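The structure appears right after this line, and notes come after that.
We did not get these values from a lab; they are worked out from the coordinates using the rules stated. Since we're looking at a predicted model, the values are computed, not measured. Cβ atoms come from the backbone with ideal geometry, glycine included; neighbour counts cover every protein chain shown.
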Amino acid sequence: MTTLLSIPMMLFVHDLRAACRYPGDMLASVMFFVMITTLVPLGLGPDQALLAQIAPAIIWIAVMLASLPQMDRLYTREARDGVLEQMLVSPAPMPLLMLAKALAAWVIIILPLILSAPVLAVMLGLSINGLLAIVAFLGLGGLCLVLIGSMAAGLTLGSRRSGVFIALIVLPLAMPVLIFGVMATTAVLTGGDAIGHLMLLAALTLILLVLAPPVSAAAIRFAEE
Amino acid sequence: MMGATQSYELGFMTAPRLIIRDLTISRGGYPLITGLNAQLEQGQVMLLRGPNGCGKTTLLRGLAGLIPQDHGDFAINGISAASDHANMMRQLVLIGHRNANAESLDAYHALAMTAGLAGLAPSADHIMMALETFAMAGLAKRQISHLSAGQQRRLALARLALFTAEPHRLWLMDEPFNALDDDAASTLNHLLNHHLESGGAAVISGHGAMPITANQTLHLDQLKGQTQSGKKEDRS
Amino acid sequence: MSSDLGFFAMGGYGFYIWSSWGVAAGILIAVTCHSLIRSYLIKEQLNRHLTDKTDGDHLD
Amino acid sequence: MFDYLANPTRFRAITAVIFPVAVAVTVAALLYGLYLAFFASPADYQQGETVRIMYIHVPAAWMALLAYLAMAVAAIFYLVWRHPLADIGARAMAVPGASFALITLLTGSFWGRPMWGTWWVWDARLTSMLILFFLYLGYIALADGFERPERGSKPASLLLVVGVINLPIIKFSVDWWNTLHQGSSVLRFGGPSIDPAMLLPLLVMALAMLGWFISVSILRMNTLLAQRRLNVLEIREQSPQRGKV
């Protein structure tokens, strides 16, 4: 028989295998992320000092915008295939399966953006120690975004609106993530004390880790009814 | 709602595969199945017949716990959904309309995933054996999106071959014989008979002729509050 | 209180005070009318529906 | 007690009593509030006459939050005890609630213009109200974002529960963001410490808005009930062979 965690882990592995089937998708979202970030200097002008000052905000907003379109179709294909139906009929608790899928989505959607963030940080004139901070905080903030995104994807499953509609649900909930994330990153870059902001971001992550899986599970159970 | 306390103390092996008591399920705020009573013993097959939209799929998915019932209750192997969801899910296999093959995986891994989701942990050659039963072994590496509809349906049914070690599971199958060619249909029939002989049971919905002899036939459209089970013919 | 003429001037801030109250009143009235109109239309449709079926129980 | 309200006909009987009372309270409180706001209350020593904007701005902010909390409670009733009427209640309260948020934002900007020369000031409370307004729009869009209207009820109710859990987080994060960027909040909206002569119009206006909110919500609930009955009748017509169920 299988232990409680083996089914979610199995699902996580298969999700990654499915994503690796089309590495092009990940590349596309990274390019989108890079392009959003290059828009800002084009808009504001090449003034390196100004760019360095607002670089954390640019990168965090770019991560949110680049990850948003992929949240929309997190479950639509599996719902159509019937995989969601099998997940609901699995002995493993649905919230755990949802957590596994959210973590898989973190690897597929957020990790590529984080790995390319340092390049952009340098382009925006950030110092080296800033890069580590950005990578660490984006990892945590990215997890929050993925958890909020998985809730929104479940809630909008089966609705007739798609595309920007999911942003109306994700963004209001993601604003605290942006606030804490940017402030933590800025604090590190300006040499200030980032621990306070980081603790708040970590607290928010824990809240979402507890809230998002059951809500996504309930949303999908309703959609499959 | 039947009290969970009044649980079925019958021994595990002797509990009827399926008991349905006064089950009512509504769809779109509209009672589609009203006051259904039925019982299925080990080794029996129940056939669901009726025109489209009469509630065959609703009943099957309701028994799988996917659709909440208005009132009444049902138990599979003496376990009711309300009391123990996880354990209940180990009492059934659901083959729905949709094949549940993850689109961007290849046939082998798609089957491994659905088997894993059902709580099995099949070995590699066990999966290849299951693929072989439906003549899909050659296509193990083929992407799901490159398989024909018939092949995808055979892949979905190949999952059944992995449950030979768990005959207690109730097979809930939604029009399994649709769009199947002859040898796939006979393979499915063979698997089903083997399942029934080892004490399993099945609820199957479908239209027209099906190569199985049903112990009970529910015509869901003429069913208004009382069970109308077909004549009891012993299995030849 | 200041004289009537001055009343509307509101100590020079008249524009902001009256427009903010006006905007608020506008929104409240718009929502009220929208609700009333929809209520009337739906109930009318329902009654017409029920009278066609001649099974009589009009919505009060 | 909960099932008592669940029956639509009994609900209609109760609201037939509450509705006229609510309308009467609204009209009375509105008239008295207007009188107090414009004639019987002093100008603020600092902000002068513009303090009168506060008499519409602050009650609207209170009502925007109260309406959202009421919707969240209704959503919980719908999700936990499967009360169909609770969902209809939440849907009915959505537009009035959102209009309170909009009123707060617009009157807030009219307040900011004379005081600080800008139409929009990133004050913590106004920013939180803006996000609350987005949450309202998210609920309204999700509630009727499905082909069949009743399919939207459960997801939208779930969104309300998630929203109400996130409200304190949003409020705290905006305050945290505000204090770090701007220092203490510039807009003093008064509070218990304000002059009692100003508190009375505030409370009366709040009562007027509460009355209006209840009246419009009941009106919209009855409309939704009639709409739902109409849908059922139409479904029954399209499938005659099901007979009279």
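What is the ratio of the Cα radius of gyration of the range A:6-223 to 2.2 N^0.38 Å, with N the residue count, to two decimals? Each step should come with its number before you reach the end.
Details: Rg = 17.6 Å, N = 218, 2.2 N^0.38 = 17.0 Å.
Cα Rg divided by the expected 2.2 N^0.38 Å: 1.04.
Roughly how far apart, in whole Å, are the Cα centres of the range D:17-37 and the range A:80-103?
52 Å
Return the FRET efficiency for the residue pair B:D182, A:M199: r is the Cβ-Cβ distance, R0 is 56 Å, and the value is rounded to the nearest 0.05. Let's see the in-between values first.
Working: r = 67 Å, r/R0 = 1.19.
In this case the efficiency is close to 0.25.
Taking the Cα atoms only, what angle lies between the long axis of helix D:153-182 and the longest principal axis of chain D, rounded to 10 degrees?
Roughly 10 degrees, rounded to the nearest 10.
Run through the range D:10-55 and list the chymotrypsin sites (Phe, Trp or Tyr not before Pro) located in a DSSP loop whose Cβ has at most 11 other Cβ atoms within 10 Å.
Values: sites: D:F11, D:Y32, D:Y35, D:F38, D:F39, D:Y45, D:Y55; in loops: D:F39, D:Y45.
For chymotrypsin sites (Phe, Trp or Tyr not before Pro) across the range D:10-55 that sit outside H, G, I, E and B with at most 11 neighbouring Cβ atoms in 10 Å, the list reads D:F39, D:Y45.
Helix-derived [θ] at 222 nm for chain D: sum -39500 (n - 2.57) over DSSP H runs of at least 4, divide by residue count, nearest 500?
Details: 7 runs with 193 residues, N = 245.
Computed mean residue ellipticity for chain D: -28000 deg cm²/dmol.
Where does chain A land at 222 nm, in deg cm²/dmol rounded to the nearest 500, when only DSSP H runs of n ≥ 4 count, each adding -39500 (n - 2.57), divided by all residues?
Per the formula, -27500 deg cm²/dmol.
Over chain B, what relative contact order in percent results from Cα pairs under 8 Å that are six or more residues apart? It would help to have the intermediate numbers written out before the result.
Working: 435 pairs, mean separation 64.9, N = 236.
So the answer I get is 27 percent.
Quick check for you: which residues of the range D:13-43 have the amide N under 18 Å from the point 7 Å beyond the Cα of D:A197 toward its beta carbon?
From the range D:13-43, the list is D:33-43.
Relative to the longest principal axis of chain B, what angle (0 to 90°, nearest 10) does the C-alpha long axis of helix B:124-133 take?
The two axes meet at around 80 degrees.
Distance in nm between label sites at D:E150 and C:F15, each 7 Å beyond Cα in the beta-carbon direction?
5.4 nm
Modelling each spin label as a point 7 Å along the Cα-to-Cβ direction, I'd like the A:C20/B:H71 distance in nm, to one decimal.
Here the answer is 5.4 nm between the modelled labels.
In sequence order, what are the phi-derived ³J(HN,Hα) couplings for the range A:170-176 according to the Karplus relation 6.51 cos²θ - 1.76 cosθ + 1.60 with θ = phi - 60°, rounded to whole Hz, with x for glycine and proline?
6, 4, x, 7, 8, 4, x
Calculate the FRET efficiency for D:A28 and B:D125 from the Cβ-Cβ distance with a Förster distance of 60 Å, rounded to the nearest 0.05. All intermediate terms of the calculation are to be shown ahead of the outcome.
Details: r = 83 Å, r/R0 = 1.38.
With a Förster radius of 60 Å, E is 0.15.
What do you get for chymotrypsin sites (Phe, Trp or Tyr not before Pro) in the range D:108-154 restricted to DSSP loop and a cutoff of at most 11 other Cβ within 10 Å of the site's Cβ?
Values: sites: D:F110, D:W111, D:W116, D:W119, D:W120, D:W122, D:F133, D:F134, D:Y136, D:Y139, D:F146; in loops: D:W119, D:W120, D:W122, D:F146.
Listed in order of number, the matching sites are D:W119.
Percent of Cα-Cα pairs per 20 Å bin, from 0 to the last occupied bin, for the protein assembly as shown, please list those.
Pairs per bin, as whole percents: 14, 39, 33, 12, 1, 0.
For the pair A:L111 and A:V210, how long in nm is the line joining their label points, each one 7 Å along Cα→Cβ?
2.8 nm
What 222 nm value per residue comes from the helices of chain B, counting each DSSP H run with n ≥ 4 as -39,500 (n - 2.57) and dividing by all residues, nearest 500 deg cm²/dmol? Numbers along the way, then the final one.
On the way: 6 runs with 60 residues, N = 236.
Calculated mean residue ellipticity at 222 nm is -7500 deg cm²/dmol.
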